[in-house]
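J.: I'd like to ask you about the structure that follows.
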Amino acid sequence: MGLFEDYYDEHDLDKNSEYSHMSKKELVIEAEYLHNSLWNILKYVDNGGTDMDVVKAEVYDGIYESRI
């Protein structure tokens, strides 16, 4: 965990992160949406997907749909 803590401290994420005001529940929801979006992209690419519009749509869904 030291590497993550160092990054957190070095970038003063307590003040600078857009997520610092969120509750643990909100952060878990956010992480799950983003995690699922990344997996969906990997599955798409692994299955031969090459359409960047599909990838971009999944990225945008992961970013914006996860917002509480």
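J.: Taking segment 9-31 as the region of interest, how many residues are open to solvent by 100 Å² or more (accessible area, probe 1.4 Å) and either within 13 Å of Ile63 (Cα to Cα) or assigned to a helix (DSSP H, G or I) (or both)?
T.: Total satisfying the criteria: 7.
J.: Return the pair list, or none, for Cβ contacts closer than 9 Å from residues in segment 37-61 that are on the phi < 0 side of the Ramachandran plot to residues that are among the small types (Gly, Ala, Ser) and at pLDDT 95 or above, at least 6 apart or on different chains.
T.: Ile41/Gly49; Lys43/Gly49; Val55/Gly49
J.: Still on this structure: Using the structure shown, decide if Gly2 is on the phi > 0 side of the Ramachandran plot and either open to solvent by less than 90 Å² (accessible area, probe 1.4 Å) or in contact (Cβ under 8 Å) with a residue 24 or more places away in the chain (or both).
T.: No, not satisfied.
J.: Residue check: is Asp61 surrounded by fewer than 14 Cβ atoms within 10 Å (Cβ to Cβ) and out of contact with any Cys (no Cβ under 8 Å at 6 or more places or on another chain)?
T.: So Asp61 does not fit the description; no.
J.: Any chance segment 48-55 includes a residue that's open to solvent by less than 60 Å² (accessible area, probe 1.4 Å), part of a helix (DSSP H, G or I), modelled with pLDDT of 95 or more and β-branched (Val, Ile, Thr)?
T.: yes
J.: Taking only segment 32-47 into account, find how many residues are modelled with pLDDT of 90 or more, open to solvent by 70 Å² or more (accessible area, probe 1.4 Å) and of a type outside the set (Asp, Glu).
T.: Matching residues across segment 32-47 total 8.
The values are calculated or read from the model by the stated rules, or taken from the named source; none is laboratory data. Every value quoted in this text rests on a predicted model; they were computed, and no experiment measured them. All Cβ positions, even for glycine, are placed from backbone atoms using ideal geometry, and neighbour counts span all protein chains on display. Protein only, heavy atoms only, side chains kept; ligands, DNA and RNA dropped before computing areas. Shrake-Rupley method; radii C 1.70, N 1.55, O 1.52, S 1.80 Å.
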